[in-house]
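Read the structure below first, then the notes.
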Amino acid sequence: MLRRVAAIPLLTFLRRCLARPAWAAGDGPVRRARPSDPSWPSAARWDELNRAVGGNLIRLQSPLADCAVAADSALCQDVLENLKNPYYIGDQPGLTQTSGWVDAWISAPSAYAVAARTTADVVAAVNFAREHNLRLVVKGGGHSYQGTSNAADSLLIWTRAMNRMVLHDAFVGQGCEGVGAPQPAVTVEAGAIWMHVYNAVTTRAGRYVQGGGCVTVGVAGLIQSGGFGSFSKNYGTAAAGLLEAEIVTADGAVRIANACTNPELFWGIKGGGGGSLGVVTRLTLRTYELPSWFGIALLTIRAGSDAAFRHLIGRFIRFYGDTLFNPHWGESVAFRPSNILAVTMVSQGLDTQQVEDVWRPFLEWIAGSPQDFTLDKKPIIASLPARHLWDADFMREHVPGMVIADQRPGSPAGNVWWAGDQGQVGWFLHGYQSVWLPAALLDEDRQEAFADALFAATRRWAVALHFNKGLAGAPPHAITAAKDTAANPAVLTAFALAIIAGAGPPAYPGIPGRTPDLTAARRGAAAIDKAMAELWKLVPDAGSYVSEGNFFESNWQRSFWGANYPRLQAVKAKYDPDGLFFVHHGVGSEDWSDDGFTRLARR
Ligand SMILES: Cc1cc2nc3c(=O)[nH]c(=O)nc-3n(C[C@H](O)[C@H](O)[C@H](O)COP(=O)(O)OP(=O)(O)OC[C@H]3O[C@@H](n4cnc5c(N)ncnc54)[C@H](O)[C@@H]3O)c2cc1C
């Protein structure tokens, strides 16, 4: 017995030494191995990894490789056609949903991918990357705008095949027995996308779960970035709905994280940014009672002059503050340089009569000034039974223009996506920036200055206000839950997230006819900078949403996490002291070169 007790510290010491590669102890710069380096693992070592992951190691090349040599070939044309389908892109370990960002990053396959089926596969891949000093990258749905699930010369852990789900009537986290009441919940493997979760939870089980608006976004990526869906103004952030996760940390340990077990790690993955703290393999999310109705308000108003447009902006802000600033209304409006206000808003808990009543005064005001304003077409203002919102069969039959189906032979009937998201499939970003707008801007005495700033920004670029991405106006329980996450506290008092973004068609350098137009891209980027500067003048201390933030943000720690950053750094230091997990502008990334291959000299 004494011998056993004495052996424990020795075992712990040995485990730590084995888990920490020799180079981690040094102070000097460290370079991760690339395929051209002598230290790159031999074919025999890759074979060993392949056996350890049940034959699921894939040597990657770009699906566009054929296009580089024969752009007219049938094979290439087939790939190019498929690049319009987010499900196809998601099924390719060598592609990403954004094809790149000018002067920031371009989509490039990793050297190898482990197409993980189980937690054990993830553990094997993490251990292999750590032991061989490889650049490691994790991809779920592949929707990162900033390219954080993309790195050439890396080993990719690809979770696409991990997508099982189970619903619970009364979930209790491990170690939380007797603490708080059991919760209705759904457990989802990390590679699942929201469409499949909504299908299981809402369409089939008649419950609600807080996920993302775009249905092909990955569950693990969205939760770790905080995450907003169309109805977050009522249900809060997606991260705040997390009850428990299983996560493989840099030492290869499989850990449970919840409010009772590893609570700091749990807090960190709720909004601390994906790909920085470990590989999440499984998540359990709270489910809620489904409201009876989801509604929509779609209208496009054209102003006849600059002065009329400025007037319209001011009037809409007042209307929003008086009538829509509550848990019922989410999604967005866009103010465009062409003097157009495009409304794409959604509601929860209101039937068709109620949504029509809400919008009538504003529509009457528009109709009262025909010399200044015209409606592009008849507005669509209506509700549908909530259970059908993500019901692919229902949507295809009743509102066929709103969804697009995955037409590949054999693809599941539920594989649809919002037509409104089509423009983002594969796009090449020129710029993408956001800022949280404090609710104080809706105060009577701030509205004019706010409208002026919006108008000034629209002289440079279109500005969208996403009301569901700010929690001011949400019920207290949603705000309290979001307070206990790593997301920037600015989200709690913001009534909207302003997004200014621009992009060109999908671009793939080296592929004839698909190369990016860099001149246009840089021109767009400069105009987006100028437009956003008008909003920063108004709210110089505001934060920005990590998933929808500027790749070039200089003060990213403060902008993405505000006062939460030091606490997030402490979580990183505890669970990944050697920086195995790196993403651009993720926690701890200041210790590494931009590409994550070289550790910078300690400061
Ligand atoms: C078309 C489009 C629409 C969007 N709509 C919304 C929206 O409605 N609301 C919103 O809040 N955001 C939205 N986003 C942003 C999106 O939610 C985030 O980019 C999110 O992180 C994407 O997750 P993913 O798994 O799809 O992407 P990925 O690129 O696969 O992952 C994103 C990040 O998370 C990491 N990651 C992924 N899986 C894991 C895992 N299992 N363990 C650890 N790290 C992991 C990756 O390494 C990467 O750093 C949208 C993005 C796009 C492109």
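Residue-by-condition table, conditions (1) in a helix (DSSP H, G or I); (2) at pLDDT below 95; (3) within 23 Å of the chain's Cα centre (by Cα):
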position: Ala496; (1), (2), (3): no, no, yes
position: Ile499; (1), (2), (3): no, no, yes
position: Gly510; (1), (2), (3): no, yes, no
position: Lys530; (1), (2), (3): yes, no, no
position: Glu534; (1), (2), (3): yes, no, no
position: Gln557; (1), (2), (3): yes, no, yes
position: Tyr565; (1), (2), (3): yes, no, yes
Quiz item: What residue, among those in region 149-176 that are outside any strand (DSSP E or B) and more than 30 Å from Asn133 (Cα to Cα), is nearest to the ligand (Cβ to nearest atom)?
Solution: Arg164
Quiz item: Out of region 270-286, which residues are outside any strand (DSSP E or B) and closer than 23 Å to Ala170 by Cα?
Solution: Lys270
Self-check item: Selected residue [of a type in the set (Phe, Trp, Tyr), surrounded by fewer than 22 Cβ atoms within 10 Å (Cβ to Cβ) and under 25 Å from the mean Cα position of the chain (by Cα)] from Phe335, Phe325
Solution: Phe325
Exercise. Any chance you could count how many residues in region 178-218 are part of a helix (DSSP H, G or I), within 16 Å of the ligand (Cβ to nearest atom) and among the aliphatic types (A, V, I, L, M)?
Key: 2
Exercise. Restrict the check to region 398-408 and report whether at least one residue is assigned to a helix (DSSP H, G or I), under 20 Å from Gly218 (Cα atoms) and away from the ligand (no atom under 16 Å from the Cβ).
Key: no
Self-check item: Members of region 582-596 that are away from the ligand (no atom under 12 Å from the Cβ) and touching a residue at least 24 places away in the same chain (Cβ under 8 Å)
Solution: Gly588, Glu590, Asp595
Quiz item: Among the residues of region 343-384, which ones are in contact (Cβ under 8 Å) with a residue 60 or more places away in the chain, over 24 Å from Tyr208 (Cβ atoms) and assigned to a loop (DSSP other than H, G, I, E, B)?
Solution: Ser369, Gln371, Asp372, Asp376, Lys377, Pro379
Quiz prompt | Pairs with Cβ under 7 Å, 6+ apart, first in region 473-485 and modelled with pLDDT of 95 or more, second outside any helix (DSSP H, G or I) and surrounded by fewer than 22 Cβ atoms within 10 Å (Cβ to Cβ) | solution = Gly473/Phe325; Gly473/Asn326; Gly473/Pro327; Ala474/Pro327; Pro475/Pro327
Self-check item: Any hit, region 568-581, residues being assigned to a loop (DSSP other than H, G, I, E, B), within 14 Å of the ligand (Cβ to nearest atom) and within 28 Å of Val463 (Cα to Cα)
Solution: no
Quiz item: Can you pull out the residues in region 243-272 that are free of Cβ contacts under 8 Å to residues at least 40 places away in the same chain and either surrounded by 20 or more Cβ atoms within 10 Å (Cβ to Cβ) or more than 26 Å from Ala124 (Cβ to Cβ) (or both)?
Solution: Ala245, Ile247, Ala257, Asn262, Pro263, Phe266
Practice problem: Could you check, for region 265-286, whether at least one of its residues is over 29 Å from the mean Cα position of the chain (by Cα) and either at negative phi or within 14 Å of the ligand (Cβ to nearest atom) (or both)? | Solution: no
Exercise. Select from region 247-269 the residues that are assigned to a strand (DSSP E or B) and of a type outside the set (A, V, I, L, M, F, W, C) and list them in ascending order.
Key: Arg255, Asn258
Quiz item: Out of all the residues in region 78-87, is one or more within 20 Å of Ser149 (Cβ to Cβ), surrounded by fewer than 23 Cβ atoms within 10 Å (Cβ to Cβ), within 16 Å of the ligand (Cβ to nearest atom) and among the aromatic types (Phe, Trp, Tyr)?
Solution: yes
Self-check item: Total residues in region 164-199, condition surrounded by fewer than 15 Cβ atoms within 10 Å (Cβ to Cβ), in contact with a strand residue (DSSP E or B) (Cβ under 8 Å, 6 or more places away or on another chain) and more than 23 Å from Arg255 (Cβ to Cβ)
Solution: 2
Quiz item: Which one of these is away from the ligand (no atom under 15 Å from the Cβ), buried (at least 16 other Cβ atoms within 10 Å of the Cβ) and among the basic types (Lys, Arg): Arg599, Arg523?
Solution: Arg599
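The values are calculated or read from the model by the stated rules, or taken from the named source; none is laboratory data. All of these numbers come straight from a predicted model, not from anything done at the bench. All Cβ positions, even for glycine, are placed from backbone atoms using ideal geometry, and neighbour counts span all protein chains on display.
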